[in-house]
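A.B. asks: Sharing a structure below in structure tokens format, with a few things to ask.
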Amino acid sequence: MDTKSKFLRFGFGFLLGIFLLLIMFGNRDFSCVGNYFPEGRVLEDIKEKELIFSTQIPSNYNKITDTVYFKHVFLKNASVDFSKSEPRKKPCGEYLISNDTLELLIKNCEKRAEVLQLNIK
């Protein structure tokens, strides 16, 4: 058997294998892609929960307290400062999350996330 027919058979088998894998496993949604590290998991976890703003936050921060802005803009560009956070605090962990202009202290419970403090840098 010459080299050309070996490559053709290999290519056919490879494509057939890929096709069978796509049929067997289908189009799966891998939600952990990009969120493997602790910071990404914390931000994704907070984004999925019900968001409550503390009564201590002044009402003139309407843009920040808008949950759509908070989840889709602030958390997308934010980072978690684990050195100033208390993730193992009982009953709910507290995280210091900040971006270029804001710094928030968030209490992350099992079913909800509560913004405790808001500081403007």
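A.B. asks: Kindly express, to the nearest 10 degrees and within the range 0 to 90, the angle between helix 3-25's C-alpha long axis and the longest C-alpha principal axis of the chain.
C.D. replies: 40
A.B. asks: If you count, for each residue, the other Cβ atoms within 10 Å and average over each peptide, how do 80-91, 6-17 line up from highest to lowest? Write down the numbers at each step before the final one.
C.D. replies: Values: 80-91: 11.8, 6-17: 10.2.
Answer by packing, highest mean first, reads 80-91, 6-17.
A.B. asks: In a GNM of the chain with a 10 Å cut-off on Cα contacts, which of L105, L20, L43 has the highest mean-square fluctuation?
C.D. replies: Checking each option, the largest mean-square fluctuation is seen for L20.
A.B. asks: Nearest 500 deg cm²/dmol is fine: what mean residue ellipticity at 222 nm does the chain get from its DSSP H runs of n ≥ 4 alone, each adding -39,500 (n - 2.57), divided by its residue count?
C.D. replies: Values: 3 runs with 38 residues, N = 121.
Helix contribution divided over all residues of the chain: -10000 deg cm²/dmol.
A.B. asks: Next question. Report, to the nearest 10°, how far helix 38-48 tilts away from the longest principal axis of the Cα atoms in the chain, using its own Cα long axis and a range of 0 to 90°.
C.D. replies: 70
A.B. asks: Counting residues in the chain as N, plug N into 2.2 N^0.38 Å and put the Cα Rg over that result.
C.D. replies: The reported ratio for this selection is 1.69.
A.B. asks: Still on this model: Just to confirm a number: summing +1 for Lys and Arg and -1 for Asp and Glu over residues other than E50 whose beta-carbon lies under 13 angstrom from that of E50, what do you get? Spell out each step's value before the answer.
C.D. replies: Working: positive: K47, K49, K71, K107, K111, R112; negative: D45, E48, E110, E114.
Around E50, the charge tally is +2.
A.B. asks: Here's something else I'd like to know. So which of K47/K121; K49/K121; K71/K121; K90/K111; K49/K107; K90/K121 end up more than 18 Å apart by C-alpha?
C.D. replies: Details: K47/K121 22 Å; K49/K121 26 Å; K71/K121 20 Å; K90/K111 14 Å; K49/K107 11 Å; K90/K121 28 Å.
Table pairs above 18 Å Cα-Cα are K47/K121; K49/K121; K71/K121; K90/K121.
All of the numbers you see were taken from the coordinates with simple rules; none came from a lab. Predicted, not measured: the structure shown is a model, and the values here were computed from it. Don't worry about glycine lacking a Cβ; one is built from the backbone with ideal geometry, like all the others, and counts go over all protein chains shown.
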